[in-house]
Amino acid sequence: MVGPSNDDLLLDAQNFLEMGQTAHAIDLLCRLLGRDPDRADAHAILAMALTDQGRLHAARHETGLALALAPGEAYCHYAASVVAMLQMRFREAHDFLDEALALDPASADFLAARGRLCLLEERWRPAGEAFQAALSLDAEHVDAMVGLAEAYRHAGYSDHAEPVVREALSLAPGNPGALTQMGWLHLDRGELADAREHALWVLAQNATDEGALALLTAVKARENRFLSLWWRFNSWMMRKGDAMRIGILVGLYLVVQIANIVLDQNDMSGSSGVLSIVWLGFCIYTWAGPAIFQNQLKKELEKVRLQPDF
């Protein structure tokens, strides 16, 4: 009895990946590559599957094999860009995406990947432009809609983000990225119960979804009296560009120093001391806030590991 062909194995592996059954997909791809180790597309798809398991070193090895076998294949460059992106090698990821788009400029997936890369770099405008370009090629590209909504939200245009998220949810009601973005929009408006509900919907599908876990932790941070003010300040600062954030912090420091000088010159050294203590407290608070937030996120991840049936 003849078994499935290599092409059938590849198609089945892709279907398993779409269903979120990564382990089954990897088994089929390894079986295929055992038969034909020179299938560049199988190496590239295996790399993408490995990223789902967080095995980035192995994924990079697979993209290296794929590119060596088929340097003119756009998808191989795309897979390499995704791996580089996840390893925070952003310049390298841009180079791979440039090559992928040069080989296939009409790929909405590649343009959406560029948008995602710009989001990681906190470049909101280029990210939005990349997602819009992807949507001009595929008006129903849900991942591009989710990314565009995220770019709008970070740039401070939540009123633009919500219609995009709602459209994404109308096309894919269970899409975890769209549900998470809607949760963030609720959180930005102070609608904590709705934000929590969206996070839990995603976690009911995938208890290890990092975006939903971050959202749930953010909801808890807003509910926490100590972290609430830090969260509001941090959310406001995140909407500013790097130069603006630096300018705000330097400006605050200069204002405090000038105020101290004025107070000292007017024989108000006591008030000057109080102001210095307040400034020191602000610095400690904004320094400790992210660490506490990360610690809460870590605790949520540990709960997931302890409760795999969450």
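The values are calculated or read from the model by the stated rules, or taken from the named source; none is laboratory data. All figures in this text were calculated on a predicted structure; none of them were measured in a lab. Using ideal geometry, Cβ is built from the backbone for each residue, glycine included, and neighbour counts are taken over all protein chains shown. Remember, those area values only see protein heavy atoms, side chains included, never the ligands or the DNA or RNA. Shrake-Rupley method; radii C 1.70, N 1.55, O 1.52, S 1.80 Å.
Residues that are open to solvent by less than 20 Å² (accessible area, probe 1.4 Å) and within 21 Å of the chain's Cα centre (by Cα) within region 52-72 comprise just one, Ala59. Does any residue of region 140-156 turn out to be under 20 Å from Trp201 (Cβ atoms) and among the small types (Gly, Ala, Ser)? Yes, because at least one residue in region 140-156 is under 20 Å from Trp201 (Cβ atoms) and among the small types (Gly, Ala, Ser).
Listed here are the residues, each with its yes/no results for (1) out of contact with any Ser or Thr (no Cβ under 8 Å at 6 or more places or on another chain); (2) closer than 20 Å to Gly147 by Cβ.
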residue	(1), (2)
Ala66	yes, no
Pro71	yes, no
Tyr78	no, yes
Pro105	yes, yes
Arg116	yes, yes
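Restricting Ala133, Ala144, Ala151 to residues that are among the aliphatic types (A, V, I, L, M) and farther than 19 Å from Leu179 by Cβ narrows the list to Ala133.
How many of the residues in region 20-39 are in a loop (DSSP other than H, G, I, E, B) and among the basic types (Lys, Arg)?
1
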